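Q: Sending over a structure as structure tokens; questions will come in a sec.
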Amino acid sequence: MMKLVSVKAENFGPFVEAGLRLDDRGLLLVQGDNQLSSSADSNGSGKSSLLEAILWANFGRTMRYDLRGKPTGDEYVNNRFGPTPGKNCRVTCTWDIDGRKVEILRTRKDKALKNVVMVSVDGNDMTRGTMKETDRLIEELLGLDFNAFVRSVYFDGSKIVPFPTLTDKEIKDVFERVLGLDDLSKVAQVVKDKLRLANANLSGVQNDLRLAQAQHSTALVEQQVAEGRQATFEAERAAEVEQAEREIATLAGTSQRDAAAIQADDDALAAREAEAHAKLGKLQRLDDAIAQWSNDHAAAQSSRATAAATLNHLRAQNPVPPTALLMERQQIAGEMDRLAREIGRVQHDIQHAEGRVGTACSECGKPVEQGDVEGFVAAQKGRLNDLGRQHADLKPKLADVDARIAADEQTQRQAIAARIATAEGELGAANARLTALGETKAKLDSFATLRTDMQRVLAELSGARSRLADERHAAERANASIEALRARIADVRAKPNPYVEDAGRWKTRMDELAAQMTGLEERAAGYEKEIGQLKVLDDAYGRTGLKAHILETVTPVLNDRANDYAQRLADGKVKIEFATVTRLKDGTLAERFSVNVENDEGAGAYHGQSSGESRKIDLAIALAMSDLVAARASKPIDLFVADEIAESLDPTAVERVVGLLQDKAKERGTILCISHADMRDLIPDIVTVQKTAAGSQIIDGAITGGW
């Protein structure tokens, strides 16, 4: 048995701090009192937020946001009231689960804890590494996830999708959680994982077997190829030996002169070569004379070219004054130019001295007066005389420099004339030398024919010697080739046949692969047997196995409970059917879970019912589901919540609903009825959620202050 002992909320929704004890409260009416708004009495006070706090603490989700497709996030953090608006949101739910105290704390934007969810069991911290893992732990402890909890423990037709509108998968998912079939799902997943692994192992073994078979076939082919290559190698060996023996016979049968005859010809050639070289040696002095003539002729040409170049250079050369004299003259001339400019400026100042009266003095800044002009003119005339003397003193210095420059130029011209005379003499001597060498060359050319004849004789002798050497080398090559062929025959006959070893190796490989294939076939048979067993378990734990059997078992009970509640609420005019089989449009039946509704005095389907009839149907289904949870073998929840249950109901229907809830409260520990309608006459035990400028608070009739 599971009991929700209490809930405490801090800075959640409109609450700054509020709490409510929930264990064994019977039928408890939760109403609102909005003192903050003049436009509402009960709406907006925070009634539903109290129950949303329970959902958020346990599952981190709310109906107001998550069921509408928007994550709750920071939406429920109190950002208007209290000392820390927008921060320190936390909700604690305390459960009694089979005698164990379980506390679940969830925080948002908490200064100390940030965003966390924490679980303790009998004071021992059971919080896991991540919020996601801790959320799964909470679902395991409660035996329900958010959707199953909402549909079996919490009723609010305005916030949840009605059961008759859910799909087959959605209904089955809710029932699996409500009926505690999670373990079957886990076992089914384990079986599927093992089946998947076994199939993968079988596939791997089969692939290995196919590979081994292919390798065995390849080894057989390779063995046959190796044997064929072995025979081919021996045939090629015999053919190669035979070809070498034929080549030896051909070389041995070739006519070759005797080595002594070749040597006699060689000796005769040597004698003729000695005679020719002796004659050529006598002409060696001619070569020396020709070489000397060439050197002398080149030297004479070089001397003539040098003399001509020197003469041309000297004739084009002009005197260049020394740099020092030129700089001295430039300095004196520059100073004379500066003094002339200064004399002109002083003369200008004297001529225009009267115009300075009334202007500011350029040196002291005072205004110039008439008396100042006369003194200024006298001073400037004195300066003019001084500048004139300086300019006159520089004129003789300039004349002296010009005279020295002229004397230097005359000296340079005389030196150039002397060098020109020397160069002309050298050029004449070079020309005379070249004329004499020309006469000598004519005499030397007469000996060229004799030297050419000797060179021709030596060339003929060299050709004869080359032919004789070729004949000797040919004989040597033939003998060497014969020896090489004989060595080659010996190597070919001694070379082992490599394919003998290949054939043996492939035979060994075939035997190894045969043994490997036997082992793989045995492993494949083992995996096939395991897969057969796992398929049986997969069928048993799948949706068509035990789960389907359990759903078919509880469906009649669920139909009885739902129709019993419908009988009390609607006088038996409404029938509810939880069906595991659905008739298709073509008339055939298909395994599909659905919730069907019929109204003897209304529409034949859920979508055609009025809002009041829909509310009765939804409540009957919710109570039936709650009974199913309570009747579970593990962890029934001793709690049911009906939010705005009087919505769309007339007074008679409201009385029937309250009467039904009072009967259910005797079976359950606590049933909360949240309503903005005044139901105090029907439900005397009341909790009021009062909203003021300081936020919402809970006023519990049994515990003042609500905590």
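Q: Residue 551 - would you say it is assigned to a helix (DSSP H, G or I), surrounded by 14 or more Cβ atoms within 10 Å (Cβ to Cβ), modelled with pLDDT under 85 and touching a Phe, Trp or Tyr at 6+ places or on another chain (Cβ under 7 Å)?
A: So residue 551 fits the description; yes.
Q: List every residue pair whose Cβ atoms sit under 6 Å apart, with the two residues 6 or more apart in sequence or on different chains, where the first one lies in segment 220-231 and is surrounded by 14 or more Cβ atoms within 10 Å (Cβ to Cβ) and the second, anywhere, is among the aromatic types (Phe, Trp, Tyr).
A: So the pair list comes out as 222/506; 223/506; 226/499; 226/506; 229/499; 230/499.
Q: Related question: Got at least one residue in segment 36-55 being in contact with a helix residue (DSSP H, G or I) (Cβ under 9 Å, 6 or more places away or on another chain), part of a loop (DSSP other than H, G, I, E, B) and closer than 17 Å to residue 139 by Cβ?
A: no
Q: Now for a separate question. Taking residue 312, is it modelled with pLDDT under 90 and in a loop (DSSP other than H, G, I, E, B)?
A: Judged against the criteria, residue 312 is not a match.
Q: On the given criteria, is residue 329 assigned to a helix (DSSP H, G or I), among the charged types (D, E, K, R) and in contact with a Pro (Cβ under 9 Å, 6 or more places away or on another chain)?
A: Spelling it out, residue 329 is indeed assigned to a helix (DSSP H, G or I), among the charged types (D, E, K, R) and in contact with a Pro (Cβ under 9 Å, 6 or more places away or on another chain).
Residue by residue, here is whether (1) surrounded by 15 or more Cβ atoms within 10 Å (Cβ to Cβ); (2) assigned to a helix (DSSP H, G or I); (3) under 41 Å from the mean Cα position of the chain (by Cα); (4) at pLDDT 85 or above holds:
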{"site": "194", "(1), (2), (3), (4)": "yes, yes, yes, yes"}
{"site": "206", "(1), (2), (3), (4)": "yes, yes, yes, yes"}
{"site": "210", "(1), (2), (3), (4)": "no, yes, yes, yes"}
{"site": "214", "(1), (2), (3), (4)": "no, yes, yes, yes"}
{"site": "217", "(1), (2), (3), (4)": "no, yes, no, yes"}
{"site": "234", "(1), (2), (3), (4)": "no, yes, no, yes"}
{"site": "239", "(1), (2), (3), (4)": "no, yes, no, yes"}
{"site": "244", "(1), (2), (3), (4)": "yes, yes, no, yes"}
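Q: Could I ask something else about it? Which condition breaks for residue 45 when tested against (1) at pLDDT 90 or above; (2) polar (S, T, N, Q); (3) in contact with a Pro (Cβ under 8 Å, 6 or more places away or on another chain)?
A: Every listed condition holds for residue 45 apart from (1).
Q: Then there is this: For segment 285-312, enumerate the residues that are among the acidic types (Asp, Glu) and in contact with a helix residue (DSSP H, G or I) (Cβ under 9 Å, 6 or more places away or on another chain).
A: 287, 296
Q: Looking only at residues that are modelled with pLDDT of 75 or more and in a loop (DSSP other than H, G, I, E, B) in segment 610-645, which one is nearest to residue 47 (Cα to Cα)?
A: So, considering only residues that are modelled with pLDDT of 75 or more and in a loop (DSSP other than H, G, I, E, B), the one nearest to residue 47 (Cα to Cα) is 644.
Q: State whether one or more residues within segment 375-393 are closer than 30 Å to residue 320 by Cβ, exposed (fewer than 15 other Cβ atoms within 10 Å of the Cβ) and more than 60 Å from the chain's Cα centre (by Cα).
A: yes
Q: Sticking with this one: Based on what the data block shows, is residue 158 surrounded by fewer than 17 Cβ atoms within 10 Å (Cβ to Cβ) and either part of a strand (DSSP E or B) or modelled with pLDDT of 85 or more (or both)?
A: No.
Q: Could you figure out which of (1) at pLDDT 80 or above; (2) surrounded by 12 or more Cβ atoms within 10 Å (Cβ to Cβ); (3) of a type in the set (Val, Ile, Thr) isn't true of residue 357?
A: (1)
Q: Follow-up question, since we're still on this one. Kindly establish whether residue 390 is more than 26 Å from residue 331 (Cα to Cα), assigned by TED's automatic domain parsing to the domain that holds residue 347 and polar (S, T, N, Q).
A: Answer is no for this residue.
Q: Do we have residue 370 as farther than 26 Å from residue 409 by Cβ, more than 60 Å from the chain's Cα centre (by Cα), surrounded by 11 or more Cβ atoms within 10 Å (Cβ to Cβ) and not aliphatic (A, V, I, L, M) here?
A: No; evaluated as a whole, the condition is false for this residue.
Q: While we're looking at this one, here's another question. I'd like to check something: does segment 541-557 contain any residue that is closer than 30 Å to residue 659 by Cβ and either in contact with a strand residue (DSSP E or B) (Cβ under 8 Å, 6 or more places away or on another chain) or small (Gly, Ala, Ser) (or both)?
A: Yes, some residue in segment 541-557 is closer than 30 Å to residue 659 by Cβ and either in contact with a strand residue (DSSP E or B) (Cβ under 8 Å, 6 or more places away or on another chain) or small (Gly, Ala, Ser) (or both).
Q: Quick check: anything in segment 627-640 without any contact (Cβ under 8 Å) to a residue 60 or more places away in the chain and within 55 Å of the chain's Cα centre (by Cα)?
A: yes
Q: Could you tell me which residue of segment 360-387 is farthest from residue 334 (Cα to Cα), considering only residues that are at pLDDT 80 or above and touching a helix residue (DSSP H, G or I) at 6+ places or on another chain (Cβ under 9 Å)?
A: Only one residue fits best here, namely 373.
Q: Could you grab me the full set of residues in segment 390-416 that are hydrophobic (A, V, I, L, M, F, W, C) and modelled with pLDDT of 85 or more?
A: Of everything in segment 390-416, those that are hydrophobic (A, V, I, L, M, F, W, C) and modelled with pLDDT of 85 or more turn out to be 392, 394, 398, 399, 401, 403, 405, 406, 407.
Q: Still on this structure, I have one more. Taking residue 657, is it in contact with a Gly (Cβ under 7 Å, 6 or more places away or on another chain), buried (at least 20 other Cβ atoms within 10 Å of the Cβ), modelled with pLDDT of 80 or more and at negative phi?
A: no
The values are calculated or read from the model by the stated rules, or taken from the named source; none is laboratory data. Everything numeric in this text was worked out from a predicted model, so none of it was measured. Here the Cβ is made from the backbone with ideal geometry for all residues, glycine too, and neighbour counts use every protein chain on show.
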